Every structure is written in structure tokens, then in C-alpha cells.
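Down below is the structure, laid out as C-alpha cells.
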Amino acid sequence: MTDTSLGTPEELRDTDYMPPLQKALPLGIQHVLAMFVSNVTPAIIVAGAAGFGFGSNSPDFPELLYLIQMAMLFAGIATLLQTVTVGPIGARLPIVQGTSFAFVPIMIPLVAGKGVEALPALFGGVLIGGLFHATLGFFIGRIRFALPPLVTGLVVLMIGLSLVKVGIQYAAGGVPAIGTPEYGSLLNWSAALVVIFVTLGLKFYTTGMLSVSAVLIGLCGGYVYALAMGMISFDTLTGSWSRAAAFALPQPFKYGFEFSSAAIIGFCLMAFVSAVETVGDVSGITKGGAKREATDDEVSGATFADGVGSAIAGVFGSLPNTSFSQNVGLIAMTGIMSRHVVTLGALFLILCGLVPKVGAIIRTIPIEVLGGGVIVMFGMVVSAGVSILAEVNWNRRNMMIFAISLSIGFGLQLEPGALQHLPGTAKILLTSGLLPSAVLAIFLNLLLPDEPVTANDS
């Protein structure tokens, strides 16, 4: 419900309105809490897939902290691009940016088991993909007709479906533990379940900041449980804290650059998928907060900011950024369209990104506890896709497009060996699941004739 003490209804729908600072600041922090866990999780997933050691004594520990630190820092910088804007870059809307889950299915096979050696090609792909993403801003507004709910809903659904396996693996003990006696133990699952039940309780039986921050508080509850059960040692806590600097600046070209065709093609294609997601988020913000349709300039500006933010992040060793859907729902709930509120949240994120000790604390979260939060987050992504698909007119044509796109995309992801004779680059792209689903849905939707509306459809 909208708090009328913050301003008049007309002021609250004005993106340039600034509420009183004592109220704007907690509202900005609320936006950060709503996206914080989701923002750092892709960095942890990619590091785990690369085979980084997660212990404070691991030689990869500083690299892991750096990835977490950069995720926070460049989410804040990309958010500033959206709210403050630089020329045509940015929508001048309260859009919160964060590390994109959409790219994770592409990144995992690129880095799988390769450690730090995989990072130059990864960030080369992030840079080129970001620049390509920015160019989409020149015409994304004119191709919105090709991105109906059938396409956007399927894309969001596939993002969630491609990642739910990661949540289960984490809750059971993490990828490195697969095949060991402790993998899937009751202790591991109990830590994940504590997170899930605390999150559910807060989400449905509280209001305000407690409800918005349910996943974050659920992780804290799981952390306390894991500490009580001996899953975290105080040596780990003190070791992580002592090895992390109090303040550190990002390092350009920290890992060097390598231009891999698989990475570049994959990131460029996924940039289009991410742009589709951003179109939906911008429309959701303007409808939910300002009760109007998004303009082409706002959609284009948001897409420019997505791409430029991702390209800058790639230079400094961070992952691609995109608009965060959970914050769209937060704006619809509060009714506050002030971009300055989100700017305050962005400044808080930047501050966290410059303090590596924040990342050190995050890294002490047991993988099982993180798994509980990831299960909730990825399940919500799937639910968001289903919600978008509810707007589709499910005639025979649309059902066939959905069936073929989902079956081929998800099937190739489940059985990558079916494409074992393809070159490495093509295999990585097609077995991601997302790309074939999105491409098929877009082309079939454009090529197949519409069915005439019958009495049963109306």
C-alpha cells in the first residue's frame, strides 16, 4: 500500500520527485535487500562451476571474493546509469540492475572445471556481448511486436528451468560433493529447509521490510542454524575476515582478455534474450508505478544501460548486468516511482562493492544454506514465466509453438550428448536450452499464420 505521507499521488508517480531523505533512504535500502542475494549468486555459481575452492585457505579464495565484490559494485554503477542517465544511456526510471541469471546457462559450460584459466575468455565474451547488447537499444523499441507474452514468458520460464538443478545440487551439498557419502544427507537438507521455511513464513505472515527481505533473512536464519550444527567453524569466519581487505578498488583487465568464439556468440545471443527481459521489466515498472505504457525512448535507454553496464563490468572482471524483476514488483507494491530513491540504493551497493570484507562474510555461507535460497529464487523465476504465459491465448497455434520450443530447448539441455558430433561452440550454445527455445519461439511466432478468433476463444 502506498504511504501518502511520502507525497501526493501525483508526486509519487513522478520519477523526478524526491521524498524526504529520512524516508527515501530506507526505501532505497529496501530495493537493495530485495535483490542482494540474487545479485551475488551468479558469481558464486560460476565460481563453483569453474572449480574454485570455497574455503578461506583455498588459493582461489581471493578470486572468489573479487567476483562477489565486483557483482555488488557494478550492479550499483549500472543502476546509476538507469536512474541518473548519461545522454541516451538509461531510462530515467527506478530500475535496479543486477547480475543476470539469464547468462548463467551459457557461462557454466564455458568455465566448467577450468578454474581461473577460464576467466579471460569469459570476460572477453562479457565485454563484446555488452557492446552488442548496447547496439540493440537503437531498434529494440521497433521490434517489440516480435516479443509477445508467448515469447517473453517462455524465455523467463526457461531461465528458471535451466537453473533449478543448481539449487537442488547446492542444497544436497554442492557439486564437489556429488558421489560422496555426505551428499544429500539429512544435515545438508535440513539447513536448506530452514531457509525455505523461514522465507515462506516471513513472506506470507509479515509485511513491509520483513516481507520484502524474506530471502535475505531466511539465509540469515539458515546461517545461524548451520553455525549451531557445526557446519561453519569460527576458524572459517575469522580466516575469511582476516584475508579480506577493508577497502579495494576494481582492477581493469585483472584477468586479461581472450576472444573465444563460443563465448562471444553465446553472450551476443543471450544479450538479445536479456533485452527481451528488460522490455518486460520496463513495461512492468511504468504500468505498476505510473499507470501508463513505457515509451520507446525509455525501452531504448534501458537497453543501452544494460549493454554499457555489462561491457564496463567485463573490463573490470564482473558478470553481465540486467534489470531485476523482483524490484519491479516492489515498485508496484509501494507505488513510489522516484528514481532518486533507487539512486540511494545504488550508492549503497557501490559502497558494499568497495569493501571486500562484505564479500568475505557472504562467502562463509555454507553451500547448503545458499541452496535453500537458490531454490526459492529460481522457483520464483519459473513462476514469473508461468504468470506471463497466463496472458497468452492458448489456441492450437500457440500451443504448438510453445510445445516445440520448450521440448527442443529443454530436451537438449537434459541430454547434451545428443549433439556430441557438433563443433564445440555450437554444442555449448544449443545445449544451453535457452537459445534454441528463444530462437524457435520468435521465428515460429513470426512465420506461422494466426488462427482466426472463434467464439470459444473470446
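The values are calculated or read from the model by the stated rules, or taken from the named source; none is laboratory data. Only a predicted model underlies this, so the values are computations on that prediction, with no experimental measurement involved. Heads up, the Cβs are rebuilt from the backbone with ideal geometry, glycines too, and the neighbour counts pull from every protein chain shown. We work out accessible area using only protein heavy atoms, side chains counted, and drop any ligands, DNA or RNA first. Shrake-Rupley method; radii C 1.70, N 1.55, O 1.52, S 1.80 Å.
Go over the candidates Ala302, Ala346, Ala313, Ala360 one by one and state the one that is more than 26 Å from Val381 (Cβ to Cβ), of a type in the set (Gly, Ala, Ser) and either open to solvent by less than 10 Å² (accessible area, probe 1.4 Å) or not in a loop (DSSP other than H, G, I, E, B) (or both).
One residue alone meets the criteria, Ala360.
Restricting the search to segment 428-450, which residues are more than 24 Å from the chain's Cα centre (by Cα) and either among the aromatic types (Phe, Trp, Tyr) or assigned to a helix (DSSP H, G or I) (or both)? Reasoning before the result, please.
To start, the set of residues in segment 428-450 that are more than 24 Å from the chain's Cα centre (by Cα) comprises 443-450.
Passing the criteria: Phe443, Leu444, Asn445, Leu446, Leu447.
So which residues in segment 388-424 are touching a helix residue (DSSP H, G or I) at 6+ places or on another chain (Cβ under 6 Å) and of a type in the set (Gly, Ala, Ser), if there are any at all?
Scanning segment 388-424 gives Ser405, Gly409.
Kindly indicate whether Gly335 is surrounded by fewer than 19 Cβ atoms within 10 Å (Cβ to Cβ) and touching a Gly at 6+ places or on another chain (Cβ under 8 Å).
Judged against the criteria, Gly335 is a match.
Under the condition of being open to solvent by 30 Å² or more (accessible area, probe 1.4 Å) and closer than 30 Å to Ser260 by Cα, which residue from segment 394-410 is modelled with the lowest pLDDT?
The selected residue is Phe410.
Here are the criteria: (1) under 23 Å from Val273 (Cβ atoms); (2) at pLDDT below 90; (3) assigned to a helix (DSSP H, G or I). Tell me which single one Phe101 does not satisfy.
The single condition Phe101 does not satisfy is (3).
Can you find a residue in segment 170-184 that is over 16 Å from Val273 (Cα atoms), modelled with pLDDT of 85 or more, crowded, with 21+ Cβ neighbours inside 10 Å and of a type in the set (S, T, N, Q)?
Taking every residue of segment 170-184 in turn, none turns out to be over 16 Å from Val273 (Cα atoms), modelled with pLDDT of 85 or more, crowded, with 21+ Cβ neighbours inside 10 Å and of a type in the set (S, T, N, Q).
Exactly one condition in (1) more than 21 Å from the chain's Cα centre (by Cα); (2) surrounded by 23 or more Cβ atoms within 10 Å (Cβ to Cβ) is not met by Glu117; state its number.
Status for Glu117: all satisfied but (2).
Go through (1) assigned to a helix (DSSP H, G or I); (2) open to solvent by less than 10 Å² (accessible area, probe 1.4 Å) one by one and return the number of the condition Ile95 breaks.
Against the list (1) assigned to a helix (DSSP H, G or I); (2) open to solvent by less than 10 Å² (accessible area, probe 1.4 Å), Ile95 comes up short only on (1).
Of (1) modelled with pLDDT under 90; (2) assigned to a helix (DSSP H, G or I); (3) closer than 22 Å to Gly129 by Cα; (4) open to solvent by less than 40 Å² (accessible area, probe 1.4 Å), Phe272 satisfies all except one. Which?
So Phe272 meets the others, but not (4).
Could you please find all residues in segment 128-147 being open to solvent by 30 Å² or more (accessible area, probe 1.4 Å) and part of a helix (DSSP H, G or I)?
Matches in segment 128-147: Ile128, Leu131, Phe132, Thr135, Phe138, Arg142, Ile143, Arg144, Phe145.
Restricting to segment 411-451, give me the number of residues that are within 16 Å of Leu163 (Cα to Cα) and either open to solvent by 70 Å² or more (accessible area, probe 1.4 Å) or charged (D, E, K, R) (or both).
Matching residues across segment 411-451 total 2.
Which of the following residues is assigned to a loop (DSSP other than H, G, I, E, B) and touching a residue at least 40 places away in the same chain (Cβ under 8 Å): Ile404, Ile375, Ile365? Explain how you work it out, then say what you get.
Details: Ile404 fails: assigned to a loop (DSSP other than H, G, I, E, B); Ile375 fails: assigned to a loop (DSSP other than H, G, I, E, B).
On inspection, the qualifying residue turns out to be Ile365.
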